[in-house]
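Nothing in this text is a laboratory measurement; each read-out follows from the coordinates by a stated rule. No experiment lies behind these values; they were computed from the predicted model shown. Positions of Cβ are generated from backbone atoms using ideal geometry, with glycine treated the same way; all protein chains shown enter the neighbour counts.
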Amino acid sequence: MFSFISYFLQKRNHAKLKESEFDFLFEQDVSDEYIVFDTETTGLNPKVDEILSIGAVKIKDNKILTSQTFEIFVKNSKEISSKSIEIHGIRACDVQDAVCAKDAIKEFLRFIGSRTLVGYYLEFDVSMINKYTTSILGIKLPNKMIEVSELYYDAQIPIIPQGNIDLRFDTMLKKYNIPNMGMHNAVNDAVMTAMIFLKLSQKGEKKR
Amino acid sequence: MSILDQRKLIESIHPFELLSSNELDSLMKKIDIAYYAKDTLLISKNLPSIVFYIIIKGSVQEFKGDEVHNVYSFGDFFDADALIYGTTEGRFVVEEELICYEIKKEDFLELMLNKKIQGYFLEDFISRHKQLKYQDVASDLTPFLMSKVSEIFLHAACVASADATIFDALKKQEELKANVIIVQNQDDYMIVTDSDLRKKVLLGRVSVEAQISEIATKGLITIDVNDFLFNALLIMTHNAIKRLVVMDGKKILGVLEQLDLLSYFANHSHLVAVQIDKAKNVDDLKKLQGDLKNLIVTLRAKGVKVRYITKLVSTLNLKIYKKVFDMCVPTSLQESCTLLVMGSEGREEQTIKTDQDNALVVKDGVDLELFVEPMTQLNSFLLELGFPPCSGDVMVSNAYWRRDVKGFKALINEWTGSMSDESAQNLSIFLDAKCVAGNRTLLDELKSYLFDNFHARDDVLAHIAKAILNFETPLSLFSGFVLEKNHSNKLDLKKGGTFPIVHGVRTLSLQYGINETNTIERIKALNNLGVIDKTFASELIESFDTLSAIRLKAMLKAKELQESNYINPQELSKVQRDLLKDSFKIINKFKKFMSFHFHLNMVV
């Protein structure tokens, strides 16, 4: 029943696609890879805020393919507020070699293909991306999604059945002893999220 | 992680810093991050290596047979040999959840086309060791240049008030043995040097009853006590002056003389030696203690090999022993006895004062009672000079270690006959005996008696040698430190490292009748006799040197002259950890050699 509904919704989504070049987004994924991605934005409201940068890495088996890192800076219509600069550290001068939003999103879609997406509070990042895809291509991201904080919750709940589980990113990093990869930016966060994902899904289990 | 951060990490790992910026860039595009759960088998004989691993987090154990051969942790990499030769004898197993960089085999081999990188991975143990050590010393020099003014000897300052007469001020200067007079005029300071006195009092005919401020020069040049000595040198050179007044805020602490500064920077071992010779009493000797420590620091920073430092310091300590001996033993008795130092002092391997281990041999027929009082005094003088007492009471104040030649021969018979641990221990101590004062022939007689006694007594020798197997080489303990973060896990360098070498080499020396007491000299002698080959001998010497250096550095860092055998591997730099690991590997090799040589597996 559910699968029927999702199939139906998927089909309707596909029907809206404006450019047939992106049909691959709806194809069955055979790469056996995951995409972990993160965005840096001008704020937390998908309706008004814009994407500053997108960082993504592929995961295959137990490996984070940093050799194929995706990092792109997006041109913005507005000035970057000083408050958000404090968080993501992207200054106006850093986005000098940025590309326009349309090209950036298309590039990103080509990178991810139909692979499953993995992220931390993915909903936010996806809705940021969707905002662009809807206006450019008429569709929303059709990819399967895995929410890392949910995996973490599932892993913690047998240990702390009644407790409130702290789902903060830094707590998870600490809990799983993930090395801090330097400052927060889209790629660093994606790599760290990927590490948490690898630990939680135990992909390293007895496999070289 | 952004490419920049990854780059920084890779660059911090030797030998990757040797790569050019372009080479690094292209390398960065080929690196992946991988995650492996505990107990994953990464490489083995049947599982050929396909990537080069650089550890970001976690640890990996390398097994050879059932033994842990090596442990890799943050910043370490493996296994170049497996990639280059395409095969390996070891098994690499994840010991603690692993996050690592991976460079694919083809990419790694391409990297090896770079001569410097290639050189690093292909070089054999010894030369690699030396290269690492060189780097280590270079990084050590900086803290030395960063020494503070507070660390150096300051002369007392003679401060006179502005209205004092020249005569009174000079009298005060004479009392304090100061080189200059500082004149205080409320909050302002002026200075009177010898040349002021010469020009203004002697030639200018200012009366000595005049006020001192009349002849004083304004503009005192000072330096803060927390400033760097290096700066002090710069200020002196810049102003062409020979001394600086050292201030702590507004307070005058003392005067820093150029001569002291230069001798601080220079090796002033000669000075110390002369001062020991000139010392008239124990108090004179006491004053030299600080110099000794400075000497160690200086020499170490200059990159002088630890084995030469220890030798020098031992020589100076022996001088002190001799001096004390002269002070305590009446001249008439000096030729009828010989003072021995044993243990690390006898081997000339102490860098800072270790326990006193000493003994007195008296000529047969001379009354032993005559030596009771001088020896008790000698002992107390040494204590006063900061030579800590021996916990096992191996000291001249103990009658057991104060015998005539006959008495010592009886003791040797006892040791040879008994298989008790205590005998073995006493024998080991005595084996390192070195004569410091008195009649040398007495010791020679005992030594040759000892060697004769042990001729063809391989059973007893095996029993003595067995002690080197008492302590595990801490390669596994090393990994324990990786695992147990809540324990302040330290490493016993003596038990795990120096003892097996020292004791093993000592036992071999007893077997082959080698007279040397110094471990390195003994190794060389064993090599000359063909007991061990040249490569192994150099490996042993390098390992021993490394262990001593790390130990010395740890002790100096602790800022006190306390002998300490424990170090925390976590506090070591990566280079040092590598050196330490390599040394432990050699020690394991040596233990195997000893087991085979003495058939130790058959000794209960």
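A cut-off of 5 Å between modelled amide H atoms, ignoring neighbours fewer than 5 places along the same chain, links B:G254 with B:V246. For region A:4-82, the set of trypsin sites (Lys or Arg not before Pro) satisfying both a DSSP loop assignment and a count of at most 14 other C-beta atoms within 10 Å is given as A:K18, A:K47, A:K78. Can you flag which of A:K106/A:K144; B:K8/B:K574; B:K116/B:K494; B:K64/B:K553 are past 24 Å Cα-Cα? The answer is B:K116/B:K494; B:K64/B:K553. FRET efficiency for the pair A:K18 and B:E106, taken as 1/(1 + (r/R0)^6) with r the Cβ-Cβ distance and R0 = 45 Å, rounds to 0.60. Distant-in-sequence amide contacts of A:N62, defined by a placed amide H-H separation under 5 Å and a gap of 5 or more residues or a different chain, comprise nothing.
Measuring between alpha carbons in the structure, the pairs from B:K177/B:K323; A:K18/A:K47; B:K534/B:K592 lying more than 19 angstrom apart are B:K177/B:K323; A:K18/A:K47. Counting, for every residue in A:59-70, the Cβ atoms of other protein chains within 10 Å of its Cβ and taking the mean gives 6.
Taking the charge dipole of region B:399-463 about its Cα centre, with +1 at Lys and Arg Cβ atoms and -1 at Asp and Glu Cβ atoms, the residue from B:A424, B:A462, B:A410 reaching farthest to the positive side is B:A410. Taking the DSSP bridge list for region B:152-265 and keeping only pairs wholly inside it, about 70 percent are antiparallel.
Per-residue shielding of B:23-34, expressed as the average number of other chain Cβ atoms within 10 Å of the residue Cβ, stands at 4.
Residues B:C337, B:C328, ranked from the fewest to the most other C-beta atoms within 10 Å, line up as B:C328, B:C337.
Could you tell me the calculated FRET efficiency between B:E174 and B:N568, based on Cβ-Cβ distance and R0 = 56 angstrom, to the nearest 0.05? That gives a FRET efficiency of 0.60. Here r is the Cβ-Cβ distance between A:K75 and B:N46 and R0 is 56 Å; the resulting FRET efficiency, rounded to 0.05, is 0.55.
With K and R counted +1 and D and E -1, the other residues having a Cβ less than 14 Å from that of B:S195 yield a net charge of +3.
Ordering A:T41, A:G119, A:F197 by the projection of their Cα atoms onto the charge dipole of region A:18-199, which places +1 on the Cβ of Lys and Arg and -1 on the Cβ of Asp and Glu, puts A:T41 at the extreme positive end.
Cross-link pairs exceeding 31 Å in C-alpha to C-alpha distance, out of B:K251/B:K286; A:K16/A:K63; B:K200/B:K286; B:K251/B:K287; B:K524/B:K585, comprise A:K16/A:K63; B:K200/B:K286. Among B:38-47, A:19-28, sorting by the average number of other beta carbon atoms lying within 10 angstrom of each residue, highest first, gives B:38-47, A:19-28.
Between B:L316, B:V329, B:G343, the Cα set farthest toward the positive side of the dipole of region B:316-367 (charges on each charged residue's Cβ, about the Cα centre) is that of B:L316.
Each residue in B:D582, B:D224, B:D248 was given a count of other beta-carbon atoms within 10 angstrom of its own, and listing them fewest first yields B:D248, B:D224, B:D582. In terms of other Cβ atoms within 10 Å, B:E345, B:E62 run from fewest to most in the order B:E62, B:E345.
Compared with the alpha-carbon gap, the fully stretched path from B:T376 to B:R198 is longer by 58.8 nm at 0.36 nm per residue. Counting Cβ atoms of other protein chains within 10 Å of each residue's Cβ and taking the mean over peptide B:90-101 gives 2. Rounded to the nearest whole Hz, the Karplus-based 3J(HN,Hα) values (6.51 cos²θ - 1.76 cosθ + 1.60, θ = phi - 60°) of region B:91-99 follow the sequence 10, 9, 10, 5, 9, 9, 1, 10, 10, with x at glycine and proline. The label-point distance for B:D277 and B:F596, in a model that sets each label 7 Å from Cα toward Cβ, rounds to 5.0 nm.
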